[in-house]
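The values are calculated or read from the model by the stated rules, or taken from the named source; none is laboratory data. What you see is a predicted model; the values in this text were computed from it and never measured. Note that each Cβ is placed from the backbone with ideal geometry, even for glycine, and that neighbours are counted across all protein chains shown. Please note that ligands, DNA and RNA were not included when accessible areas were found on the heavy atoms of the full protein model with its side chains. Shrake-Rupley method; radii C 1.70, N 1.55, O 1.52, S 1.80 Å.
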Amino acid sequence: MLNDNIKQLRQSHNMTQTELAERLGVSKQCVSNWENDYIQPSIEMLIKIALFFKVSTDLLLDLDNKATIDVTGLSVTEIAHIRQIVDDLLGR
């Protein structure tokens, strides 16, 4: 669910609700309301959240569970190392 995804992303970035609120330009209460599923962010804010955390809106909305990593600017060798780490973590 969206509320859980926002909370998990925030926590995985070691951020408080206050810190996320400041970065998004909203109140701490707004973030709390999203995470407690009292209100939903607007479409514009959903996009802003996705861009901030570098995830797709589909991931936020549980329409797609595939996370992506931006490897722009990395060499082919560096990308291969990242792929190997992911494969190792997934037990491939």
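Give me the percent of accessible area attributable to carbon and sulfur for the chain, probe 1.4 angstrom.
Roughly 54 percent of what the probe reaches on the chain is carbon or sulfur.
At most 11 other Cβ atoms within 10 Å and a DSSP loop assignment: could you name the chymotrypsin sites (Phe, Trp or Tyr not before Pro) in the range 1-59 that fit?
Answer by residue number: TYR38.
Which trypsin sites (Lys or Arg not before Pro) in the range 36-87 pass both tests, a DSSP loop state and at most 12 other beta-carbon atoms within 10 Å?
LYS54, LYS66
Helix 76-90 versus the longest principal axis of the chain: what angle, 0 to 90°, nearest 10, using Cα atoms?
Rounded to the nearest ten degrees, it is 70.
For LYS66, which lysines qualify as cross-link partners when the Cα separation must be under 18 Å and same-chain residues fewer than eight apart are set aside?
Partners within reach: LYS7, LYS54.
Between beta-carbons, use under 10 Å as the cut-off and find the net charge around GLU19, counting Lys and Arg +1, Asp and Glu -1.
+2
Would you work out which of ALA50, GLN40, MET1 lies farthest towards the positive end of the dipole of the range 1-57? Charges go on Cβ: Lys and Arg +1, Asp and Glu -1.
The one lying farthest along the dipole's positive direction is ALA50.
Given 0.36 nm per residue, what is the gain on full extension from GLN8 to ASP58 after removing their alpha carbon distance, in nm?
Here the answer is 16.5 nm.
So I have (1) 49, 24, 22; (2) 35, 22, 21; (3) 44, 24, 23, and one of them is Cα extents along the principal axes in Å calculated from this model. Which one is it?
Checking each listed value against the structure points to (3).
Calculate the spin-label point distance for THR68 paired with LEU90, positioning each point 7 Å from the Cα along the beta-carbon direction, and give it in nanometres.
About 1.6 nm, to one decimal.
What is the sum of charges, Lys and Arg at +1 and Asp and Glu at -1, for the other residues whose Cβ falls under 11 Å from the Cβ of LEU9?
It works out to a net charge of +1.
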